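Okay, so here's the structure we're looking at.
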Amino acid sequence: MHSAIQRVSVLGSTGSIGVNTLDVMQRHPERYEVFALSAHSKLELMTAQCVQFRPRFAVMVSEWHGRELKRTLADLGLPTEVLWGAAALEFIAAHEEVTTVMAAIVGAAGLASCIAAALAGKRLLLANKEALVVGGAFFMDAVRRGGATLLPIDSEHSAIFQSLPEDPASWPEVIHKIILTASGGPFRTRDPATFASISPEEACAHPNWVMGRKISVDSATMMNKALEVIEAKFLFGVAPSTIEVIIHPQSVVHSMVQFVDHSVVAQLGTPDMRGPIGYGLSWPTRRVSGASALDFSSMAALSFEPIATQGHATRFPGLQLAWDVLAAPPGTTAVLNAANEVAVAAFLDRRIRFDQIHAVNTACLAGFVPAAPGSLADLLAIDAQARALAQSVVQRKSASGLSASL
C-alpha cells in the first residue's frame, strides 16, 4: 500500500516532463512530496527547483555540475544533499522512502535508474521511451520481479492504458487493434524532395506540442512513433501486427483501442503533458492537473490520414523500422535507438542533413546484429557498440558534405 502522501523522485526534473510533473505536484501539496530531483546540466533551473521544493536529494550527472550545485545550495542555506553520477540516480530511484518515481531522463542514460526503480517495487511513471525500447522484455521482467506498478506517461500510451479494462490479464482476449495517433509533425505536408534543406530550427518547431529538441526531431521524422510502436508491444503484450499508426493532425485523440467486437474506445484531451502526468500520479483516481479543458465548440473537425495515403510512407520511412526491428533478433531495438540518438544529435549539431538521419539508422541496423541480451550490462554493451558504429557512419556522411542551406 502507498502512503497517503506520495514521496516522489523526479528523474530529469529540468526537462519538459519534469517541469510539468512539478507543476502538477505543487497543485496538491497534501498528496505529493518532492523527495529527490535529478538533472543533466541546467544548474540555474535545478537551483530554483531546490529552493521551491526543498528535496532531500538533488543529483547532477557530472561531478563538476554536482559540486557547483552543492556550493550554490550551501550558500543559500538549503539542507538538500547533492550527489552526482549514475549510481546516485539509481540510489534516488530505489530509495526505501520513495513511493513514486517519474522516469523522465531522455535516452538510454535513463535505463539503469528505471530498472532500479522497477526492481525496488516503486510506482514507476514511465516517460523514458528507451527503458522499453532498449530494455524490452528484460525491463518488463524487472517490473514483474520487483512487483512495481508501471504507469505509462507518453500521451499515446497513457491514452491506451486509460482505454483498456482494468485487468491486464484480459487484454490479449479483448484487444483487436491498438491505434497510435501521430500529429505528423511540422512536415506532414512538405515535399520529401525538400527534406535535405530542413534546418534544426524548422525540425524543432512542432505545431502542437512543446517538447525538448531531441523528441521534437523524432516527431518530425516520426521516429518517435516507431519507438512508441515498440513500447506498445512490450507495455501491452500484443503482437506487433496488431499495432497501427494513423496521422491525426489536431492531436486531440491521443490514441485508441479497437476491441474484438470492433467497438473503439479513444482518449481525448488538449495537447498538454500535464494530463497524462496527472493521471499517472493520481491513478486509479483523477485530480486537477492544470491541463485546460477541450472546447468542442471551437473544433471545426477532427481528421485522420492513413500512413499508406498522402505519401506519408515516403515522407516518414523510419516508421516501418519499428516492425522490422521487432521481427529481428532481441537487442535490435536497442541498436535502432542508439543509432537514432547519435543521428539526431549529429543533425542538431549540423553535422548531417535531416534526410540522412534515416540513412544512419538503416546503415547501423544493416551493420550490427546483436547477440541476445541477458543482463543490463549486455544491453549497455549493445548500446555502446551501436553508438560507435553510428558515429562512424555520421563521420562518413558528414565528410560527404551538407546542403549549402545548412
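Checking each residue in the range 81-90 for being surrounded by fewer than 24 Cβ atoms within 10 Å (Cβ to Cβ) and either within 21 Å of Ile277 (Cβ to Cβ) or touching a residue at least 24 places away in the same chain (Cβ under 8 Å) (or both) picks out Glu81, Val82, Leu83, Trp84, Gly85, Ala86, Ala88, Glu90. Might you let me know whether the range 93-104 holds any residue that is in contact with a His (Cβ under 8 Å, 6 or more places away or on another chain) and either more than 17 Å from Gly146 (Cβ to Cβ) or open to solvent by less than 20 Å² (accessible area, probe 1.4 Å) (or both)? Yes; the residues of the range 93-104 include at least one that is in contact with a His (Cβ under 8 Å, 6 or more places away or on another chain) and either more than 17 Å from Gly146 (Cβ to Cβ) or open to solvent by less than 20 Å² (accessible area, probe 1.4 Å) (or both). With respect to (1) out of contact with any strand residue (DSSP E or B) (no Cβ under 9 Å at 6 or more places or on another chain); (2) open to solvent by 50 Å² or more (accessible area, probe 1.4 Å); (3) part of a loop (DSSP other than H, G, I, E, B), the lone exception for Asp272 is condition (2). Got a sec? Which of Ile115, Ile160 is under 24 Å from Phe259 (Cβ atoms), crowded, with 20+ Cβ neighbours inside 10 Å and more than 13 Å from the chain's Cα centre (by Cα)? The match here is Ile160.
Going by the conditions given, is Ala390 within 19 Å of the chain's Cα centre (by Cα) and crowded, with 20+ Cβ neighbours inside 10 Å? Before you say what the answer is, go through the steps one by one.
Numbers: within 19 Å of the chain's Cα centre (by Cα): no; crowded, with 20+ Cβ neighbours inside 10 Å: yes.
No.
Tallying residues that are in contact with a helix residue (DSSP H, G or I) (Cβ under 7 Å, 6 or more places away or on another chain) and touching a residue at least 60 places away in the same chain (Cβ under 8 Å) within the range 184-194 yields 2. Remark: pairs (first residue in the range 247-264, closer than 23 Å to Gly311 by Cβ and touching a residue at least 40 places away in the same chain (Cβ under 8 Å); second residue open to solvent by less than 10 Å² (accessible area, probe 1.4 Å) and acidic (Asp, Glu); Cβ separation under 7 Å; 6+ apart in sequence or on different chains) are absent.
Would you confirm, using the coordinates I've provided, whether Val245 is more than 16 Å from the chain's Cα centre (by Cα), within 24 Å of Val217 (Cβ to Cβ), outside any helix (DSSP H, G or I) and modelled with pLDDT of 95 or more? Write out each step before concluding.
Numbers: more than 16 Å from the chain's Cα centre (by Cα): yes; within 24 Å of Val217 (Cβ to Cβ): yes; outside any helix (DSSP H, G or I): yes; modelled with pLDDT of 95 or more: yes.
Against the criterion (more than 16 Å from the chain's Cα centre (by Cα), within 24 Å of Val217 (Cβ to Cβ), outside any helix (DSSP H, G or I) and modelled with pLDDT of 95 or more), Val245 qualifies.
Screening the range 277-287 for residues that are open to solvent by 10 Å² or more (accessible area, probe 1.4 Å) and either assigned to a helix (DSSP H, G or I) or touching a strand residue (DSSP E or B) at 6+ places or on another chain (Cβ under 8 Å) (or both) and picking the one that is farthest from Met256 (Cα to Cα) gives Trp283. The residues of the range 65-101 that are acidic (Asp, Glu) and within 22 Å of Leu119 (Cα to Cα), listed by number, are Glu90, Glu96, Glu97.
Pick from Ala293, Ala308: which is closer than 30 Å to Gly367 by Cβ and without any contact (Cβ under 8 Å) to a residue 40 or more places away in the chain?
Values: Ala293 fails: closer than 30 Å to Gly367 by Cβ.
When all the criteria are applied, what remains is Ala308.
Select from the range 243-261 the residues that are in contact with a His (Cβ under 7 Å, 6 or more places away or on another chain) and open to solvent by 10 Å² or more (accessible area, probe 1.4 Å) and write down the one among them that is nearest to His157 (Cα to Cα). Outline the logic, then answer.
Within the range 243-261, the subset in contact with a His (Cβ under 7 Å, 6 or more places away or on another chain) is 247, 258-260.
Right, trim to open to solvent by 10 Å² or more (accessible area, probe 1.4 Å) and you get 258-260.
Details: Gln258: 14, Phe259: 16, Val260: 19 Å.
The extreme case among them is Gln258.
Restricting attention to the range 14-47, the residues being open to solvent by 20 Å² or more (accessible area, probe 1.4 Å) and under 20 Å from Arg71 (Cα atoms) number 7.
The values are calculated or read from the model by the stated rules, or taken from the named source; none is laboratory data. Every value quoted in this text rests on a predicted model; they were computed, and no experiment measured them. Virtual Cβ from ideal backbone geometry, glycine too; neighbours counted across all protein chains shown. The accessibility values were calculated without ligands, DNA or RNA, using every heavy atom of the protein model including side chains. Shrake-Rupley method; radii C 1.70, N 1.55, O 1.52, S 1.80 Å.
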